[in-house]
Amino acid sequence: MHTRTQARLQVVAGPMFAGKSEELLRRVRRARIAGLSVDVVSHALDHRRGEGQVSSHSGLSVPSRSVPDVETLVAAVQGRELDLVAIDEAQFFGPGLVAAVGALVAEGVDVVVSGLCVTFDGRPFEPLPALMAIAEDVLKLTAVCAVCGEDAAFHQRLTSSGAGDPLTPTTEQIGGIESYQARCRRHFTGATKS
């Protein structure tokens with residue numbers, strides 16, 4: 001009989017409004033029900049629903065540790081007896097998250113990461129593509145296109161004000177339905193509207 005003894009990296013990716021945070025929260029709840037030691041981490045850049053909260057657009061939430069960068073994330077979880085580290089809004093941590101997550105998994109900690117795998121102008125949004133490549137489990141979600149109702153793999157920024165470079169996230173880029181819409185490939189233009 002074989003039992004799983006190795007830690008795993010799980011990635012939940014997709015565009016805005018696809019249910020990524022909701023899926024992360026579901027996995028956190030299951031781990032806690034199973035009696036596992038869990039730490040939930042979010043990036044300090046996203047405080048739309050209050051600092052220290054991971055929440056979904058549907059209103060589900062759990063308390064989280066809010067950190068500004070990969071180094072602070074590593075320091076916060078290092079040396080603790082954790083079974084699972086759940087990281088939301090992974091795109092804000094940048095490419096350095098890949099090595100940090102790899103080290104946690106090598107130390108025997110399961111890691112589940114959720115975030116945007118595509119920018120609002122349609123480019124791959126690191127570190128999600130790299131994390132997806134090295135993960136044991138990848139769930140790529142789609143949203144519902146706001147124009148036609150088909151599966152949406154993209155999200156469209158509705159205004160150009162404060163957009164800047166999508167690969168360098170800023171607080172001006174963070175928003176919800178007031179700033180973005182889910183779009184299918186046919187209705188995604190890749191450019192912001194004025």
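Derivation of every value follows stated rules applied to the coordinates shown; laboratory data play no part. Predicted model only: the values in this text are computed from it and were never measured. Here the Cβ positions follow ideal geometry from the backbone for every residue, glycine too, while neighbour counts run over all protein chains shown.
Using θ = phi - 60° in the Karplus curve 6.51 cos²θ - 1.76 cosθ + 1.60, the 3J(HN,Hα) couplings for segment 140-149 round to 9, 9, 10, 9, 10, 4, 5, 8, 10, x Hz; x is entered for Gly and Pro. Placing pseudo-labels 7 Å out from each Cα toward the beta carbon at Glu178 and Arg29 gives an inter-label distance of 2.8 nm.
Between the amide H of Leu116 and those of Ala90, Gln91, distances stay under 5 Å, these residues lying 5 or more places away or on another chain, with hydrogens modeled in the peptide plane.
Between the beta carbons of Val144 and Thr189, assuming R0 = 22 Å, the FRET efficiency works out to 0.80 to the nearest 0.05. For segment 9-143, the residue among Val85, Val62, Pro127 whose Cα projects farthest onto the positive side of the dipole built from Cβ charges is Val62. Rounded to the nearest 20 debye, the dipole magnitude of segment 9-143 is 440 debye, with +1 charges on Lys and Arg beta carbons, -1 on Asp and Glu beta carbons, and the Cα centre as origin.
Positive-end ranking of Gly94, Val12, Val109 along the dipole of segment 9-143, with charges on Cβ about the Cα centre, is headed by Val12. Seen from Ala76, the other residues with C-beta closer than 12 Å to its C-beta sum to a net charge of -1, counting Lys and Arg as +1 and Asp and Glu as -1.
Summing charges over neighbours of Leu167, with a neighbour being any other residue whose Cβ is under 10 Å away from its Cβ, gives -2 when K and R count +1 and D and E count -1. Shown in residue order for segment 124-133 are the 3J(HN,Hα) couplings computed by the Karplus curve 6.51 cos²θ - 1.76 cosθ + 1.60 at θ = phi - 60°: x, 10, 5, x, 4, x, 5, 5, 4, 5 Hz (x for Gly and Pro). The HN-Hα couplings worked out from phi for segment 176-190 by the Karplus form 6.51 cos²θ - 1.76 cosθ + 1.60 (θ = phi - 60°) are x, 5, 6, 10, 9, 9, 6, 9, 7, 4, 5, 9, 8, 9, x Hz, whole numbers, x standing for Gly and Pro. A cut-off of 5 Å between modelled amide H atoms, ignoring neighbours fewer than 5 places along the same chain, links Val41 with Arg65, Ala86, Ile87, Asp88.
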